[in-house]
Amino acid sequence: MANPYELDLDKNAANYQPLTPISYLERVARTFPEQTAIIHGNSRTSYRDFWRRSLQFASALARRGIGKGDTVTVMLSNTPPMLEAHFGVPMVKAVLHCLNTRLDAPIIAFQLDHAETRVLIVDREFSSVAKEALALAEVKPLVIDFDDPEYGHDAPYPKGAPIGTLDYEEFLASGDADFAWSMPDDEWDAISLNYTSGTTGNPKGVVYHHRGAALMAYTNTIHAGMPRNSVYLWTLPMFHCNGWCFPWTLAIQAGTHVCLRWVRAKAMYDAIADHGVTHLCGAPIVMSLLVNASEEDKRQFPQTVTFNTAAAPPPEAVLSGMADAGFAVTHLYGLTETYGPAVVNEWHAEWDELDKPARTAKKARQGVRYAALEDLTVMDPETMEKTPADGETIGEVMFRGNIVMKGYLKNRKASDEAFAGGWFHSGDLGVMHPDGYIQLKDRSKDIIISGGENISSIEVEDALYKHPAVASCAVVARPDDKWGEVPVAYVELKPGRTATEAEILDHCRSLLARFKVPKAVIFAEIPKTSTGKIQKFRLREKARGETGA
């Protein structure tokens, strides 16, 4: 029997449009044109002007032949051009690639080549490393300098010299504020590219689509509890998973972006008190800065500020300190491949009545799926059978839904492996509790998350092995109150060779970005199995023991 609800009709423009976050900005600019969209230093940008400048950005790109399938790379701080890029680039169906501003030149060069960058916009804060990367790269993009007028007299270092052929404002002025932007041809089309910190070899390029970005923007308003006219402080770098999609999120509720170039305690407290900040996101280092700020840097404010963090569960003392300072912490979990956090520790009011050990145990769990994620589970990755929900049986955390990446750029093998069996394999090991909450137990890829940055232990070990005195080494995470965790190196020297900790660290600094350099070098025999495999779990236990954790 035929289904009468088929109606014998096809989708048409009247009843079907591809999902995209671009339309959120168009709507809010029409509805609340005078609402402040962006605060940056002494400057204020209304939603009318935010929309107009984004259109100019798109038009300027189009006039230079940028369109579908082209990559626009930006190396920017949390500043207005970064927000404008999140809308202007996809308006011409191009793909936005945000560079991690903390990377070294060889990795930046690899990303520029792999992404086939056509346009590169560089904040002058990063012009030196960008210039070095461009010299190493094969691509020759149009380079545009951003000279921030709000750079600040208290900058930790001066601006670098211009390296481009155009200034950002000059580039924008070449565009038309009445530009006729277009919807994506398909909501599955790519909107952005974010690189992971791979465990081996070069990082993988994670491709996001318009549908996922649009849905994540909606779901952020739910799980971050963002009402109309929320005020969001940019402590999370926008280059991290497109700022967890918050550049697109705030337009939904006519929220205000408060830009912050450097994450410092006084600047954060001033912004919160002066602008009425209601929400921010960040790694444990940001909480540490807030809690441990000097009394002269702290400010009083009447509102409770929601702080979303997606690293290791914060210790009870940190949570208590944050509460006393006026912050409510929400614990999240996710990966670059899931548009940032896609799991939330949904807190039950009755858990507040538990004794401290039981309450801490609840807070240690990563949680349940976001509303926009269709499924979250723990499985045996070999059999693809779900593990018992007993809080003890370890398996791999798996995701399924519309806020999972499109795939890895130019890497079909890695994409197929990641999606084997119809689930995204996170590479994280965890358990499922009887109430459906997941809890991580280990990282199968040995990634160290320090201050919100992913550090591959294998990459650091490769650098250590290049020292002529190193016979064997292993890098593991050591808990750290400030950074969440930091890399430490265990090193065995070759017979008859000598090296000091300082020499090893200097060697690493010559090969690695500064944040990847081990915080300590311990000279010791490396524990191995009978087949010679390094027993990292023993070193992790040793590292935890050395901190008393």
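What the table shows:
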| read-out | value |
| --- | --- |
| Residue, least open to solvent (accessible area, probe 1.4 Å), within region 401-418, restricted to residues that are assigned to a strand (DSSP E or B) and on the phi > 0 side of the Ramachandran plot | G407 |
| Enumeration of residues in region 463-481 that are free of Cβ contacts under 8 Å to residues at least 40 places away in the same chain and among the β-branched types (V, I, T) | V470 |
| Flag if D186 is at pLDDT 95 or above, of a type outside the set (V, I, T), surrounded by fewer than 21 Cβ atoms within 10 Å (Cβ to Cβ) and part of a loop (DSSP other than H, G, I, E, B) | yes |
| Strands (runs of 3 or more DSSP E) lying entirely in region 419-464 (those with 1 or more residues that are open to solvent by less than 30 Å² (accessible area, probe 1.4 Å), at pLDDT below 85 and under 15 Å from L335 (Cβ atoms)) | 447-450, 453-456 |
| Count - residues of region 25-63 that are on the phi < 0 side of the Ramachandran plot and assigned to a loop (DSSP other than H, G, I, E, B) | 5 |
| Yes/no for E353 being free of Cβ contacts under 8 Å to residues at least 60 places away in the same chain and in contact with a His (Cβ under 8 Å, 6 or more places away or on another chain) | no |
| Checking A328 against (1) part of a strand (DSSP E or B); (2) in contact (Cβ under 8 Å) with a residue 40 or more places away in the chain; (3) over 23 Å from E453 (Cβ atoms), the condition it does not meet | (2) |
| Residue identified as at pLDDT below 90, among the aliphatic types (A, V, I, L, M), more than 25 Å from the chain's Cα centre (by Cα) and on the phi < 0 side of the Ramachandran plot among A471, A389, A489 | A471 |
| Exclusive hit being assigned to a loop (DSSP other than H, G, I, E, B) and crowded, with 22+ Cβ neighbours inside 10 Å, set P247, P341, P314 | P314 |
| Filter pass, S59 being over 26 Å from the mean Cα position of the chain (by Cα), open to solvent by less than 10 Å² (accessible area, probe 1.4 Å) and among the polar types (S, T, N, Q) | yes |
| Subset tally (residues that are among the basic types (K, R) and under 24 Å from T20 (Cβ atoms)) for region 372-409 | 2 |
| Residue check, R412 basic (K, R) and closer than 16 Å to Y333 by Cα | no |
| Cβ-Cβ under 9 Å pairs, at least 6 apart or on other chains, region 450-462 side in contact (Cβ under 8 Å) with a residue 24 or more places away in the chain and under 19 Å from S472 (Cα atoms), far side of a type in the set (S, T, N, Q) and open to solvent by less than 10 Å² (accessible area, probe 1.4 Å) | none |
| Number of positions in region 344-362 that are touching a Phe, Trp or Tyr at 6+ places or on another chain (Cβ under 9 Å) and open to solvent by 50 Å² or more (accessible area, probe 1.4 Å) | 2 |
| Residue list for region 17-51, filter: among the hydroxyl-bearing types (S, T, Y) and open to solvent by 90 Å² or more (accessible area, probe 1.4 Å) | none |
| Verdict on F239 being in a loop (DSSP other than H, G, I, E, B), within 29 Å of K406 (Cβ to Cβ) and open to solvent by 10 Å² or more (accessible area, probe 1.4 Å) | yes |
| Qualifying positions in region 160-172 - of a type in the set (A, V, I, L, M, F, W, C) and part of a loop (DSSP other than H, G, I, E, B) | A161, I163 |
| Failed criterion for S320 (all others in (1) surrounded by fewer than 18 Cβ atoms within 10 Å (Cβ to Cβ); (2) touching a residue at least 60 places away in the same chain (Cβ under 8 Å) hold) | (2) |
| Flag if M398 is part of a strand (DSSP E or B), open to solvent by less than 60 Å² (accessible area, probe 1.4 Å) and at negative phi | yes |
| Identity of the residue in region 160-183, among the small types (G, A, S) and open to solvent by 60 Å² or more (accessible area, probe 1.4 Å), that ends up nearest to D123 (Cα to Cα) | A161 |
| Answer residue from region 376-395, given it is part of a strand (DSSP E or B) and touching a residue at least 40 places away in the same chain (Cβ under 8 Å) and is most open to solvent (accessible area, probe 1.4 Å) among those | K386 |
| Residue under evaluation I526, criteria (1) open to solvent by 50 Å² or more (accessible area, probe 1.4 Å); (2) farther than 18 Å from I447 by Cα; (3) modelled with pLDDT under 95, criterion not met | (1) |
| Sole residue being touching a His at 6+ places or on another chain (Cβ under 8 Å) and either within 23 Å of G452 (Cβ to Cβ) or in contact (Cβ under 8 Å) with a residue 60 or more places away in the chain (or both), chosen from L236, L280, L215, L250 | L250 |
| Number of the condition not met by L512 [criteria: (1) assigned to a loop (DSSP other than H, G, I, E, B); (2) of a type in the set (A, V, I, L, M, F, W, C); (3) without any contact (Cβ under 8 Å) to a residue 60 or more places away in the chain] | (3) |
| Scope region 267-311; condition part of a helix (DSSP H, G or I) and closer than 21 Å to V343 by Cα; matching residues | P284, I285, V286, M287 |
| Selected residue (criterion: farthest from T221 (Cα to Cα)) from residues of region 269-284 that are touching a strand residue (DSSP E or B) at 6+ places or on another chain (Cβ under 7 Å) and of a type in the set (A, V, I, L, M, F, W, C) | A271 |
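To keep it simple, each residue is scored yes or no on (1) in contact (Cβ under 8 Å) with a residue 60 or more places away in the chain; (2) in contact with a Phe, Trp or Tyr (Cβ under 9 Å, 6 or more places away or on another chain); (3) under 15 Å from P237 (Cβ atoms).
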{"position": "V92", "(1), (2), (3)": "yes, yes, no"}
{"position": "N100", "(1), (2), (3)": "yes, yes, yes"}
{"position": "D104", "(1), (2), (3)": "yes, no, no"}
{"position": "F126", "(1), (2), (3)": "no, no, yes"}
{"position": "A135", "(1), (2), (3)": "no, no, no"}
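The values are calculated or read from the model by the stated rules, or taken from the named source; none is laboratory data. The structure displayed is predicted, hence computed values, not measured ones. A quick note on method: Cβ atoms are made from the backbone with ideal geometry, for glycine too, and the neighbour counts reach across all protein chains shown. When the accessible area is computed, the model is the full protein with side chains, heavy atoms only, and any ligands, DNA or RNA have been set aside. Shrake-Rupley method; radii C 1.70, N 1.55, O 1.52, S 1.80 Å.
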